[in-house]
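Have a look at the structure below, then the notes.
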């Protein structure tokens, strides 16, 4: 039974670590697009919303945009981006930033490097604090079982 005090936090640490990797990948992807210096005019082909939650939790709505643009070498690229501005409608023309080697990783977000760094840093700090809390919980659990003379590990 005591093993659950180690297995559950370890699984939670694994999930939180995967979330941290996803946050870093997204930040690097957007930063690469901004730093490439390549821009194009893209047309918004479609906007739609998705909802998540409900029941006992609050409902969250995310606005998605589908854009299409032509790269400098004449290749047509279509990509989707969640969380865009509500003022961009179907048919609007926006400027997109894209890396030359992966134009499908374009972004229509205007460059805001400071905001990206602060947002990424805050999310990683939160996730890191959660991991530290779980490690502390596991250490206290180990000490507690050791103090009563039980073997906490199999």
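Points worth noting:
- Screening the candidates 53, 84 for the property of being at pLDDT below 95, surrounded by 15 or more Cβ atoms within 10 Å (Cβ to Cβ) and in contact with a strand residue (DSSP E or B) (Cβ under 6 Å, 6 or more places away or on another chain) yields one hit, 84.
- Residue within the stretch 104-126 that is touching a residue at least 12 places away in the same chain (Cβ under 8 Å) and closer than 23 Å to residue 10 by Cα present: yes
- Residue pairs meeting the criteria (Cβ under 7 Å; at least 6 apart or on separate chains; first touching a residue at least 40 places away in the same chain (Cβ under 8 Å), in the stretch 23-48; second surrounded by fewer than 16 Cβ atoms within 10 Å (Cβ to Cβ) and part of a helix (DSSP H, G or I)): 23/124; 34/113
- Within the option set 66, 77, 94, being within 20 Å of the chain's Cα centre (by Cα), over 20 Å from residue 23 (Cα atoms) and either at pLDDT 95 or above or exposed (fewer than 12 other Cβ atoms within 10 Å of the Cβ) (or both) holds for one residue only, 66.
- Single unsatisfied condition, residue 61 versus (1) in contact with a strand residue (DSSP E or B) (Cβ under 6 Å, 6 or more places away or on another chain); (2) surrounded by 13 or more Cβ atoms within 10 Å (Cβ to Cβ); (3) under 29 Å from residue 16 (Cα atoms): (2)
- Residue check, residue 72 in contact with a strand residue (DSSP E or B) (Cβ under 6 Å, 6 or more places away or on another chain) and more than 23 Å from residue 117 (Cα to Cα): no
- Scan the stretch 1-59 for residues that are within 23 Å of the chain's Cα centre (by Cα) and within 30 Å of residue 145 (Cβ to Cβ) and the total you get is 12.
The values are calculated or read from the model by the stated rules, or taken from the named source; none is laboratory data. Computed from a predicted model, the values in this text were never measured in an experiment. Using ideal geometry, Cβ is built from the backbone for each residue, glycine included, and neighbour counts are taken over all protein chains shown.
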